[in-house]
Amino acid sequence: MSDQFADDIIAFLPNLRRFAISLCRSPDTADDLVQITVERAFAARHQFTPDTRLDAWLFRILRNAWIDMTRRTKTRGTQIDIDDAPEAKTVDGTQVTETSLMLTAAKQAIDTLPEEQRDVILLICAEELSYKEASEVLGTPIGTVMSRLSRARLAIAKKLGINPKPARSSGSQGDS
């Protein structure tokens with residue numbers, strides 16, 4: 001019965017697909033329904049009685065699969081294809097929350113800086129101007145820009161609880 005059963009189902013595939021498209025109006029969903037129908041038919045082939053019409057039995061399986069799919073869709077809510085929303089592929093809620101909290105704290109720390117330091121850090125770090133460009137905007141020498149930027153970075157690090165290590169040694173160790 002298995003080989004003939006498979007051949008008979010294969011013969012009805014176009015009819016199943018047409019019926020599935022008429023139910024769901026989507027070729028992709030229709031293909032899924034036909035696949036589900038064939039899988040369920042093979043799993044339940046021992047329940048099929050040869051004196052009944054195979055096409056009617058398959059159509060009933062397909063319609064039940066459509067009803068199941070519709071119910072699942074209603075309870076599942078809105079679905080978005082992952083390829084249509086690449087930003088949704090990997091979201092680490094903990095990381096997003098920590099980043100948001102750190103950004104808020106950094107903004108608050110920047111807001112407490114003296115105006116000349118705040119202007120320099122925003123021009124260089126946020127607007128990505130070079131030291132030369134920032135000095136032209138502010139009308140101050142590059143050395144002053146660099147000094148203000150250094151003090152601003154240290155003040156922000158201190159307010160955020162970040163203890164930066166010295167970039168280089170003073171060279172005074174063991175010179176007593």
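Each of F48, F42 has some number of other Cβ atoms within 10 Å of its Cβ, and from fewest to most they run F42, F48.
Looking at the stretch 2-77, the pairs of alpha carbons with a distance over 14 Å make up 59% of the total. Sorted ascending by nearby beta carbons within 10 Å, beginning with the fewest, K132, K159 become K132, K159.
Could you put L101, L62 in order, starting from the residue whose Cβ has the fewest other Cβ atoms within 10 Å?
Working: L101 10, L62 25.
Ordered by Cβ neighbours within 10 Å, fewest first: L101, L62.
Lys-Lys pairs in the chain that are eight or more residues apart or on separate chains and whose Cα atoms lie under 24 Å of each other come to 4.
Given the choices [x] 72, 19, 15; [y] 37, 17, 15; [z] 21, 19, 17, semi-axes √(5λ) of the Cα gyration tensor in Å derived from the coordinates of this structure is entry [x].
Which of the trypsin sites (Lys or Arg not before Pro) found in the stretch 1-82 are in a DSSP loop and have at most 16 neighbouring Cβ atoms, other than their own, within 10 Å? Could the numbers behind the result be given before it?
Details: sites: R17, R18, R25, R40, R45, R53, R60, R63, R71, R72, K74, R76; in loops: R25, R53.
Sparse-neighbourhood loop trypsin sites (Lys or Arg not before Pro): R25, R53.
Rounded to the nearest 500, what is the 222 nm mean residue ellipticity of the chain from helices alone, with -39500 (n - 2.57) per DSSP H run of 4+ residues and division by all residues? Present the calculation step by step, with values, prior to reporting the outcome.
Working: 7 runs with 115 residues, N = 176.
It lands at -22000 deg cm²/dmol.
Each value in this text was obtained by applying a stated rule to the coordinates, not by laboratory testing. Since we're looking at a predicted model, the values are computed, not measured. Cβ: placed from backbone, ideal geometry, glycine included. Neighbour counts: every protein chain shown.
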